[in-house]
Amino acid sequence: MESAPFPHDLVQLQTAWNRTYDALAASRPVADTVLRRRLLMLSTRLWWHPFWSGPGRMPAERMELRSQARALDAQR
C-alpha cells in the first residue's frame, strides 16, 4: 500500500499526541490532569481533521500517520 501524503499540520498533531501520551504514560506524571485534557483535545482535532473527510480514507492510513509521526520524532 502506498503511503498517503499527509498534511504537515496533521503530522504535527500526531507528533504532539504521541508526546503527550508518552508523558502521561510515564510513572507519576507531573500535571496529570493537564496532560489528560491535552490528550483529549488533540484526539478530537486528529479525529475531525479535514484530511479524513476525503473519499477512500481507510483505518490503515491512521496507522501509517502514527508510524510516520513516530519516525519523524525519533529523528529529532
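The values are calculated or read from the model by the stated rules, or taken from the named source; none is laboratory data. Computed from a prediction, not measured in an experiment: that's the story for all the values here. Neighbour counts are summed over all protein chains in view; Cβ atoms, including those assigned to glycine, are modelled from backbone coordinates with ideal geometry.
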Checklist outcome for this item: So, first residue free of Cβ contacts under 8 Å to residues at least 60 places away in the same chain and closer than 16 Å to residue 68 by Cβ in the stretch 15-32, second residue among the hydroxyl-bearing types (Ser, Thr, Tyr) and exposed (fewer than 15 other Cβ atoms within 10 Å of the Cβ), Cβ within less than 7 Å, six or more apart or across chains; the pairs are 17/43
Checklist entry - Is there a residue in the stretch 39-52 that is modelled with pLDDT under 90 and not polar (S, T, N, Q)? => result no
Next on the checklist: I need every pair where a residue in the stretch 47-65 that is at negative phi has its Cβ under 6 Å from the Cβ of a residue that is aromatic (Phe, Trp, Tyr) and not in a helix (DSSP H, G or I), sequence separation at least 6 or different chains.
Outcome noted: 65/6
Next on the checklist: For the stretch 48-76: of the residues being aromatic (Phe, Trp, Tyr) and in contact with a helix residue (DSSP H, G or I) (Cβ under 9 Å, 6 or more places away or on another chain), which is surrounded by the fewest Cβ atoms within 10 Å (Cβ to Cβ)?
Outcome noted: 52
